[in-house]
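Q: Encoded as structure tokens, here's the structure I'll be asking about.
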């Protein structure tokens, strides 16, 4: 179970990164020790970007 990947590892194991994003939640990718992107499932993305009012 990864939640953070070095860029080189994410490139080499992209299918695993995608599968983990779907099954486990957002996957963070780092480059030179700094977080640069987050890969998340479409469902998670739609939940984040929907215009649902919050209380």
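To keep it simple, each residue is scored yes or no on (1) loosely packed, with under 15 Cβ neighbours inside 10 Å; (2) modelled with pLDDT of 95 or more; (3) under 8 Å from the mean Cα position of the chain (by Cα); (4) in a helix (DSSP H, G or I).
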site	(1), (2), (3), (4)
5	no, yes, no, no
8	yes, yes, no, yes
11	yes, yes, no, yes
17	no, yes, yes, yes
29	no, yes, yes, no
36	yes, yes, no, no
48	yes, no, no, yes
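Q: Hey, another quick one. Can you list residue pairs whose Cβ atoms sit under 9 Å apart, with the first residue in segment 32-53 being touching a residue at least 12 places away in the same chain (Cβ under 8 Å) and the second being in a loop (DSSP other than H, G, I, E, B) and surrounded by 10 or more Cβ atoms within 10 Å (Cβ to Cβ)? Count only pairs 6 or more apart in sequence or on different chains.
A: What qualifies is 38/26; 39/26; 40/25; 40/26; 41/25; 41/26; 44/25; 44/26.
Q: Since residue 42 meets every condition but one in (1) surrounded by fewer than 15 Cβ atoms within 10 Å (Cβ to Cβ); (2) within 8 Å of the chain's Cα centre (by Cα), which condition does it not meet?
A: (2) is the only condition that residue 42 fails.
The values are calculated or read from the model by the stated rules, or taken from the named source; none is laboratory data. Keep in mind it's a predicted model, so treat the numbers as computed, not measured. We place every Cβ from the backbone using ideal geometry, glycine too, and count neighbours over all the protein chains shown.
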